[in-house]
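A short worksheet on the structure shown next.
The values are calculated or read from the model by the stated rules, or taken from the named source; none is laboratory data. Since we're looking at a predicted model, the values are computed, not measured. Note: ideal-geometry Cβ built from the backbone for every residue, glycine included; neighbour counts use all protein chains shown. To get the accessible areas, we keep the full protein, side chains included, count just its heavy atoms, and leave off ligands, DNA and RNA. Shrake-Rupley method; radii C 1.70, N 1.55, O 1.52, S 1.80 Å.
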Amino acid sequence: MKREKPLKKTYFVSDLHLFSSRSQEERFRLQIRDKASRAGAFVFGGDIFDFRWSQAATIEETAVRASAWIRELAHECPECVFRFILGNHDHHPELVFHLKQLESRLDNFHWYPYYFRSNGNLFLHGDVIDRRAGVQRLIHRRESNRFHRARGLVANQLYDWAVSRRLHMPVVHLSRRKKTAARRILAYLNQIGEGPATGVKNVYFGHTHLEMVDYEYDGVKFHNGGAPINGLRFRIIEVEGSMRADSFID
């Protein structure tokens, strides 16, 4: 009799904003790798890399470094299936080119431009909450902004100064309320045919940089791990429900 593989946990993170000066991802790097080494699946929910504020010399260098980061993690954790969803800061053609290459060469890596669903759990970045963006407006915004140019030294210094004094905090809290985010995400999911009526029970998203776990709206629970940026909370979220490492499929 064939024995089934043991159930393993699934984890979700977003908004690491790697390669920007504000990212504190290095504080959690070992924790991410440790959990991935024991997980059945690990979902990255967008803005893992930051092409807009990258400190790399060129966009091409940012993409190469991003590809190497993913490849190293996938090789270190071969039993874990990695699912990568693009966000508004890393939806760039240079990265997409490398993601396609990685997917063709790695058995445990897959990527998605907008969202990924596994049974009752749906994962997306969350930038659909901006300006009541529906399907077409989200696509248009991503397409119009996809050729990010890294901001210059002065802009980075001003941004760092604002973050160091936590001037970004009121903007984050006032403009991205939990109820507003949940309502707009559900409207989007209904548009794409992935709403609560289809069995979605949990939504895991990023973008807002506001940590929330088990926030319930219209019968759906919303989860956000925040961001490893000064003044903000961040956590690696354990996804509800376990699954075998070989069963996390589209």
**Item:** With all protein chains modelled, accessible area of V135 [1.4 Å, Å²]
**Value:** 40 Å²
**Request:** Keeping every protein chain in place, order D130, D50, D107, D34 by accessible area at 1.4 Å, biggest value first, i.e. largest first.
**Result:** D107, D34, D130, D50
**Request:** With the Cα gyration tensor of segment 3-112 in hand, give its eigenvalues times 5 under a square root as the equivalent ellipsoid semi-axes, listed largest first in whole angstrom.
**Result:** 24, 15, 11
**Request:** Measure off 7 Å from each Cα along the Cα-to-Cβ vector at D214 and A68, then give the distance between these two points in nanometres to one decimal.
**Result:** 4.2 nm
**Request:** Quickly rank 209-219, 61-71 as a protection proxy: mean count of other C-beta atoms within 10 Å, highest first.
**Result:** 61-71, 209-219
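Heavy atoms only, 1.4 Å probe, whole protein assembly: order H110, H17 by accessible area, highest first.
Numbers: H110 55, H17 10 Å².
Highest to lowest solvent-accessible surface, that is H110, H17.
Assuming R0 = 51 Å, what is the FRET efficiency of E60 and L7, from their Cβ-Cβ distance, to the nearest 0.05?
For R0 = 51 Å, the calculated efficiency reads 0.80.
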**Message:** Students often get this wrong: which residues of segment 49-66 have the backbone nitrogen under 15 Å from the point 7 angstrom along Cα-to-C-beta of H75?
**Reply:** 65-66
**Prompt:** For segment 22-71, how big is Rg over Rh, using alpha carbon atoms and the Kirkwood form of Rh?
**Reply:** 1.00
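In what sequence, largest accessible area first, do R27, R177, R142 appear using a 1.4 Å probe? Could you put the intermediate results ahead of the total?
Details: R27 155, R177 135, R142 10 Å².
Ranking R27, R177, R142 by accessible area, largest first, yields R27, R177, R142.
Treat segment 71-125 as a sphere of radius equal to its Kirkwood radius over Cα pairs and apply Stokes-Einstein at 10 °C in a medium of 1.306 mPa s; give the translational diffusion coefficient in µm²/s, rounded to a whole number.
Numbers: Rh = 12.0 Å.
For the chosen part, D equals 133 µm²/s.
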**Fill in**
Share of accessible surface on carbon and sulfur in segment 68-130, whole %, 1.4 Å probe and ligands ignored, is 49 percent
**Asked** Which value, in Å² and to the nearest 10, is the accessible area of K179 when all protein chains are kept and the probe is 1.4 Å?
**Response** 110 Å²
